[in-house]
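Enquirer: My structure is below; once you've seen it, I'll send some questions.
None of the figures in this text is laboratory data; all of them are computed from the coordinates on show. Because the structure is a prediction, the values reported are computed rather than measured. In this analysis, Cβ positions are derived from the backbone assuming ideal geometry, glycine residues included, and neighbour counts consider all displayed protein chains.
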Amino acid sequence: MERPNDVESRDFIRRIVAEDLAEGKNESRVHTRWPPEPSGYIHIGHAMSILLNYSVAQEFGGQFNLRFDDTNPLAEDTEFVEAIKRDVAWLGADWEDRLYFASEYFEQLYQWAVHLIQEGKAYVCDLTAEQISEYRGTAAFDGERTTTPPGKNSPYRDRTVEENLDLFHRMRAGGFPDGTKTLRAKIDMTHPNLNMRDPVLYRILHVSHHRTGDAWCIYPTYDWTHGQSDAIEGITHSLCTLEFENHRPLYDWFLDNLPVPHRPRQIEFAAVGIGYTVMSKRYHRQLVFGNHVHGWDDPRMPTIAGMRRRGITPEAIRAFVKGIGVTKSEGMIEMAYLEHHIRQDLNKRSPRVMAVLNPLKVVIANYPQGQSESLEAINNPEDPLAGVRSVPFSRELYIEREDFMENPPKKFYRLSPGSEVRLRYAYFIRCEDVVKDADGNVIELRCTYDPDTRGGDAPDGRKVKATLHWVSAPDALRAQVRLYDHLFSVENPHSPPEGKTWLDTLNPESLQIRNDCWIEPSVADAAIGSRFQFERMGYFCLDPDSKPDGLVFNRTATLRDAWLKAQQKAD
RNA sequence: UAGGGCGUAGCCAAGCGGUAAGGCAGCGGCCUUUGGCGCCGUGAUCGAGGGUUCAAAUCCUUCCGCCCUAACCA
């Protein structure tokens with residue numbers, strides 16, 4: 001069927017926002033926010049939420065806030081606040097001067113709690129955590145089937161307003177030990193939505209907070225904080241992930257029962273999952289604190305910090321996020337899809353360079369001893385403006401070990417005894433002899449070159465089936481290269497094989513370090529973070545561990561490899 | 001079990017009653033001084049059944065499957 005292709009369809013959230021705008025809601029404003037808890041580093045899943053909230057505001061001429069949801073001092077830390085700010089900014093989401101902390105609203109929240117008590121809609125409860133759970137009516141298996149009994153009222157539910165006010169005041173004043181009392185909303189203990197069965201608003205925690213210090217010993221829960229914070233900030237559309245859908249009735253109940261200045265609307269969307277990795281902060285904390293990776297910014301991690309160190313650009317992440325769309329159906333995106341966007345972005349912007357990761361020495365027998373020359377190489381065939389550079393050529397070179405086979409199979413176009421190939425931007429060479437050590441390992445190739453093919457073309461028109469990258473041995477820089485693979489060996493670590501845990505599925509070969517790599521001298525002064533395409537090998541970037549006399553590169557992504565694929569098919 | 005949500009090709013995703021967009025992956029081919037890039041071609045009757053209608057992926061209905069919650073975490 002014929003359908004206009006140029007009409008980009010809107011996702012369901014943008015459609016709702018557009019409708020609200022059309023109906024003149026919210027004084028025709030659009031205002032979103034992203035509310036992280038500073039209890040870990042953010043990951044690519046968060047990036048989707050950040051970019052969605054930010055871009056919706058952008059597209060509708062609205063504003064975007066960054067608000068830390070810092071209501072649980074037990075897990076939070078300023079280190080995470082700083083890391084999150086850095087990562088959000090790096091992704092390109094600009095909160096301008098609107099950086100907020102839910103902890104700034106603690107006093108207002110307290111006043112609203114008092115209001116609720118006065119209205120007879122909240123009470124101080126002495127039940128323990130376990131008792132609260134029991135009274136709530138937890139699902140139970142009666143031997144035949146699981147049932148969900150209605151909850152029953154707390155015996156403290158009918159305390160007088162005066163008593164509640166007094167108790168709540170003393171809770172704040174520090175009169176009670178941790179866990180002995182809570183403030184709960186008085187809603188409905190038989191409500192089918194468990195969140196509505198008298199949820200806890202405040203718990204007692206004699207713990208100092210990274211921003212409010214020891215000013216408080218009672219801390220508001222997420223549910224009691226979130227919607228009201230949105231209201232205070234004038235948020236019009238509070239976009240969050242699907243697991244909060246169950247909380248929406250409560251979110252709305254608070255707004256309905258409080259004298260809030262504004263009425264925000266919560267809309268939920270599906271979070272992303274990506275194959276061969278895990279996307280939960282809880283798991284990330286275990287990976288980091290359990291030393292299964294080298295920190296939050298380990299290039300194998302799906303954290304923003306890790307991806308940045310890996311060499312992935314914010315543009316690639318944005319393109320990826322835009323590509324997967326916004327829906328309510330939860331799925332698992334293939335890693336190949338992320339890699340596609342990484343390659344597409346890096347292909348256009350990365351200067352090419354030649355580097356040999358697994359060196360095999362080549363001596364050009366007919367090239368004069370002691371002679372050398374400079375050859376011109378194109379910096380980026382995708383970008384004419386990138387210009388050219390010169391690379392040194394000499395009698396002794398290194399080529400990639402995988403580019404030579406003594407007994408090549410059919411369709412192996414590269415170097416083998418007697419065959420001729422092109423050295424990129426240099427000459428045609430022919431392999432004349434194979435030098436081996438006592439164990440029969442190939443340690444050197446003796447080749448001859450054709451002086452007439454300088455630059456890579458033969459005047460007589462003869463063709464060659466392969467072009468190899470290479471470096472001049474006396475001129476090349478030694479480098480360490482870190483090759484990364486999937487962090488996990490199974491696509492979904494959340495459902496590991498029988499008898500295994502998710503940690504058992506970590507890929508033992510996710511990091512491979514090569515110390516004897518050689519790279520052309522043009523990268524000598526590259527800045528940390530510089531990205532390159534090592535021709536025929538992949539995309540790499542200079543790691544912060546790099547020193548002037550010891551270059552360290554991270555492999556961001558491999559190039560697609562038709563030969564590799566053909567081999568795998570042959571196996 | 002209760003409440004909430006989801007189900008369109010291997011993956012993501014358009015579609016909103018008029019007879020299945022697009023991307024990724026795969027496969028085949030072209031091009032090529034990166035076996036890269038680029039280009040061309042190639043796949044579905046929409047979880048299942050029933051119903052309404054001239055016409056249904058789109059409406060109704062029953063069923064099935066999967067996910068979320070049942071924390072004084074967010």
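Enquirer: Principal axes first, then extents: for the Cα atoms of segment A:477-571, list largest minus smallest coordinate on each axis, whole Å, largest first.
Expert: Per principal axis, max minus min of the Cα coordinates gives 51, 33, 20 Å.
Enquirer: Moving on to the next point. P(r) for segment A:174-331, please, calculated from all Cα pair distances in 10 Å bins and given in %.
Expert: It works out to 9, 24, 30, 27, 10, 0, in whole percents.
Enquirer: How charged is the neighbourhood of A:Ser229? Take every other residue with its Cβ under 11 Å from the Cβ of A:Ser229, and add Lys/Arg as +1 and Asp/Glu as -1. Let's see the in-between values first.
Expert: Numbers: positive: A:Arg33, A:Arg67; negative: A:Asp69, A:Asp70, A:Glu104, A:Asp230, A:Glu233.
Cβ neighbours under 11 Å give a net charge of -3.
Enquirer: Separate question: Can you pull the one-decimal nm distance between simple spin-label points at A:Leu559 and A:Lys25, each 7 Å off the Cα toward Cβ?
Expert: 5.2 nm
Enquirer: May I pose another question? Ranked from highest to lowest mean number of other Cβ atoms within 10 Å per residue, what is the order of the peptides A:233-240, A:286-293?
Expert: Numbers: A:233-240: 23.6, A:286-293: 14.2.
The most tightly packed comes first, giving A:233-240, A:286-293.
Enquirer: While we're here: Could you give the angle, 0 to 90 degrees to the nearest 10, between helix A:335-349's Cα long axis and the longest principal axis of the Cα atoms of chain A?
Expert: Long axis of A:335-349 versus the principal axis of chain A: about 60 degrees.
Enquirer: Please work out, to two decimal places, the log10 of the ratio I(q)/I(0) at q = 0.10, 0.21, 0.22 Å⁻¹ from a Debye calculation in which every Cα of segment A:1-113 carries one identical scatterer.
Expert: Log-scaled intensity ratios, in q order: -0.39, -1.16, -1.20.
Enquirer: Ranking A:Arg145, A:Arg300 by Cβ neighbours within 10 Å, fewest first, what do you get?
Expert: In increasing order of surrounding Cβ atoms, one gets A:Arg145, A:Arg300.
Enquirer: Report Rg(Cα)/(2.2 N^0.38 Å) for segment A:157-234, keeping two decimals. Before the final figure, lay out each step's value.
Expert: Values: Rg = 13.9 Å, N = 78, 2.2 N^0.38 = 11.5 Å.
Rg over 2.2 N^0.38 Å, computed on Cα atoms: 1.20.
Enquirer: Using only the alpha carbons of segment A:12-274, determine the length spanned along each of the three principal axes and report them from longest to shortest in whole angstroms.
Expert: Per principal axis, max minus min of the Cα coordinates gives 51, 46, 38 Å.
Enquirer: Express in nm, to one decimal, how much length is gained between A:Arg446 and A:Lys121 on full extension, taking 0.36 nm for each residue of separation and deducting their alpha carbon distance. Before the final figure, lay out each step's value.
Expert: Details: separation 325, 0.36 × 325 = 117.00 nm, distance 8.84 nm.
Value of the extension gain: 108.2 nm.
Enquirer: Among DSSP bridges having both ends in chain A, what percentage is antiparallel? Round to the nearest 5.
Expert: Values: 59 of 87 bridges.
About 70 percent, rounded to the nearest 5.
Enquirer: Where the centroid of each part is defined by its Cα atoms, how far is segment A:433-447 from segment A:333-375 in Å?
Expert: 24 Å
Enquirer: Around A:Ala319, under 13 Å between beta carbons, what's the net of Lys plus Arg minus Asp minus Glu among the other residues? Don't skip to the end; give the middle numbers.
Expert: Values: positive: A:Arg318, A:Lys322, A:Arg343, A:Lys348, A:Arg349; negative: A:Glu315, A:Glu339, A:Asp345.
Local charge sum for A:Ala319: +2.
Enquirer: Can you bin segment A:370-459 into rounded, prolate or oblate? Criterion: square roots of the alpha carbon gyration tensor eigenvalues sorted a ≥ b ≥ c, rounded for a/c under 1.5, prolate for a/b above b/c, oblate for the rest.
Expert: prolate
Enquirer: If the chain between A:Ala139 and A:Leu194 were fully stretched, how many nm would it gain, using 0.36 nm times the residue separation less the Cα-Cα distance? Walk me through the numbers on the way to the answer.
Expert: Working: separation 55, 0.36 × 55 = 19.80 nm, distance 1.04 nm.
Answer, rounded to one decimal: 18.8 nm.
Enquirer: With N denoting the number of residues in chain A, provide Rg(C-alpha) divided by 2.2 N^0.38 Å, to two decimal places. Each step should come with its number before you reach the end.
Expert: Details: Rg = 31.0 Å, N = 571, 2.2 N^0.38 = 24.5 Å.
Normalised Rg, Cα atoms only: 1.26.
Enquirer: For segment A:87-165, just say rounded, prolate or oblate: build the C-alpha gyration tensor, square-root its eigenvalues into a ≥ b ≥ c, call rounded for a/c under 1.5, and beyond that prolate if a/b exceeds b/c, oblate if not. Provide the component values of the computation, followed by the final result.
Expert: Values: a/c = 4.15, a/b = 1.43, b/c = 2.90.
Note, shape of segment A:87-165 comes out oblate.
Enquirer: Here is a follow-up. Tell me the relative contact order for segment A:477-571 as a rounded percent, counting alpha carbon contacts under 8 Å between residues six or more apart. Write out the running numbers ahead of the final one.
Expert: Working: 141 pairs, mean separation 28.8, N = 95.
Reported as a whole number, the value is 30 percent.
Enquirer: Now for a different question. Per the helix-only calculation at 222 nm, which mean residue ellipticity applies to chain A, given -39500 (n - 2.57) for every DSSP H run of n ≥ 4 and division by its residues, nearest 500 deg cm²/dmol? The partial results should precede the final answer.
Expert: Numbers: 13 runs with 147 residues, N = 571.
That comes out to -8000 deg cm²/dmol.
Enquirer: Any idea what the relative contact order of chain A is, in percent, if you count C-alpha pairs under 8 Å spaced at least 6 apart? List each step's numbers first, then the result.
Expert: On the way: 1086 pairs, mean separation 62.9, N = 571.
This gives 11 percent for chain A.
Enquirer: For segment A:82-157 and segment A:519-553, compute the distance between their C-alpha centroids and round to whole Å.
Expert: 49 Å
Enquirer: Highest mean first, what order results for A:27-37, A:432-442 on Cβ atoms within 10 Å?
Expert: Packing order, densest peptide first, comes out as A:27-37, A:432-442.
Enquirer: How much length would be gained if the chain were fully extended between A:Ala75 and A:Ser489, taking 0.36 nm per residue of separation minus their Cα-Cα distance, in nm to one decimal? Working shown, then result.
Expert: Details: separation 414, 0.36 × 414 = 149.04 nm, distance 2.99 nm.
This chain segment gains 146.1 nm when fully extended.
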